Each structure stands twice: as structure tokens, then as C-alpha cells.
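*Asks:* First the structure, which I've put down as C-alpha cells, then a few questions once you've had a look.
The values are calculated or read from the model by the stated rules, or taken from the named source; none is laboratory data. Everything quoted here is computed from the prediction, not taken from an experiment. With ideal geometry, Cβ positions are generated from the backbone for all residues, glycine too; neighbour counts draw on all protein chains shown. What goes into the accessible areas is simple: the full protein's heavy atoms, side chains included, and nothing from ligands, DNA or RNA. Shrake-Rupley method; radii C 1.70, N 1.55, O 1.52, S 1.80 Å.
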Amino acid sequence: MDVEKANHKRNRNRTCCCVGTTICIIIAIVILILILALTVFKAKRPVISYDHMSIEDLDVSFDITKFKVHLNVTLDIDLSVKNPNKAGFKYSNSTAFLNYRGQLVGEVPIPADQISAGETKPMNVSLTLMADRLLSNSDLYSDVKSGVLALNSNIRISGKVKILGLKIHAVSTSSCDFSVFVSNQTIRDQTCKYKTQF
């Protein structure tokens, strides 16, 4: 009888020890996942960078009798989107915009795609200024006559990063103000701002 009691007590101690060990292991795994989620796998912002901007085509002609200018500008823009995350960034269809004095004068679609973990994806867009949108703008004639055309390019990419089973929405935008010098067909005074939000 005493031997039976001792075995029963020993079995109960083993069960308590196994349950305690299992609880400690589960707590350690949860803490490890939490640490990884807040450090290594923490969602980071994809960043859009303007690498190079040049004039692909520039045609200007003046109608002095009507104080009008006929303008055709095509810009060649090399971009890169860096995904610093430990997981892929999948973005939806996006658009690059060209603005003149706050007025939309050109746009080009950027098709949906995916960027692998840690990858920097190069992109090339050709933005064409749509002259018909400038017919009503009275500043165009004086700006072109002065030889400097101030423009703005704006790009917004929206997508999701999937980390540890969670889909985290991220939006990355970049905006560049620059001047097109009509006489020598160059771009100068480029100032870019970048912003990303979750």
C-alpha cells in the first residue's frame, strides 16, 4: 500500500512537472515571437527614390499674335522602390502624375507588381505633358518665354506587406519639384520629398 501511494505521488509530481515545463515553453515561444515581431519582422516603409530625371522630348513654338505657346514635353524618369522588409511588398495599380502650377497636366499608370524581401526594384516612367490641359493657363506663355518651366512629379504606391500572417497596409509617396530649362533642355533645381504611412 505504501509503495502504491509513493508511485501515485511520484506520477502526480511528474505530471505537475510536465505541465509546468510545457507552460514555460509556451510562454518562451510567445515572448520570442513577440520580440521578433517588434524587431526583425517589424513592418518597415517601402521607399520611392528618384534616381534620374531627363527630358526625352521638348518642342516649343510661339504664336505671338495670340500670345499662345504650343508645348510638348516628355520626361524620362528612373525610379527605384526599396522594400526593406523581411517579407514581400505587393502593391496595386498606381499612377505617376505631372503637375504645372498645381494643375494636373500628365499621368502614366504604374502596373501592380510585387517586390521581394530586401529588394530594390528599378522602374522607368515616361511622363508626357498634355498640352490641351494647358490651353486655359495664362502663366504658361510668360513661363516659357522666360525660359524656365516649373513642374512637379508625384507618385503614390499603395500595397501590403504580409508579416507573421498579418497583412499590413503601407502607402509610399514621393513628390519632386523641378525646373525645365527650355533653351538647353535640361532639368535643374530638383527638390524631392518622400513620405510613407501605415
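*Asks:* Need pairs with beta-carbon distance below 6 Å; first residue outside the structural domain of residue 87 (by the TED database) and over 19 Å from residue 102 (Cα atoms) and within region 142-171, second among the small types (Gly, Ala, Ser) and open to solvent by less than 10 Å² (accessible area, probe 1.4 Å); sequence gap 6+ or separate chains.
*Replies:* Close Cβ pairs satisfying both conditions: none exist.
*Asks:* Same structure, new question: Grab the strands (runs of 3 or more DSSP E) fully contained in region 49-112, keeping just those with 2 or more residues being of a type in the set (A, V, I, L, M, F, W, C).
*Replies:* 68-82, 94-100, 103-110
*Asks:* Another question, if that's okay. Going by the conditions given, is residue 123 more than 24 Å from the chain's Cα centre (by Cα) and either surrounded by fewer than 20 Cβ atoms within 10 Å (Cβ to Cβ) or closer than 22 Å to residue 191 by Cβ (or both)?
*Replies:* So residue 123 does not fit the description; no.
*Asks:* Which of (1) surrounded by 14 or more Cβ atoms within 10 Å (Cβ to Cβ); (2) among the polar types (S, T, N, Q); (3) modelled with pLDDT of 90 or more is the odd one out, the single condition residue 92 does not satisfy?
*Replies:* Every condition holds for residue 92 apart from (1).
*Asks:* Evaluate the following for residue 137: is it in a loop (DSSP other than H, G, I, E, B), within 18 Å of the chain's Cα centre (by Cα) and either modelled with pLDDT under 85 or surrounded by fewer than 18 Cβ atoms within 10 Å (Cβ to Cβ) (or both)?
*Replies:* no
*Asks:* Hey, does region 172-183 have a residue that's open to solvent by 30 Å² or more (accessible area, probe 1.4 Å), in contact with a Phe, Trp or Tyr (Cβ under 6 Å, 6 or more places away or on another chain) and either over 20 Å from residue 76 (Cβ atoms) or part of a strand (DSSP E or B) (or both)?
*Replies:* Taking every residue of region 172-183 in turn, none turns out to be open to solvent by 30 Å² or more (accessible area, probe 1.4 Å), in contact with a Phe, Trp or Tyr (Cβ under 6 Å, 6 or more places away or on another chain) and either over 20 Å from residue 76 (Cβ atoms) or part of a strand (DSSP E or B) (or both).
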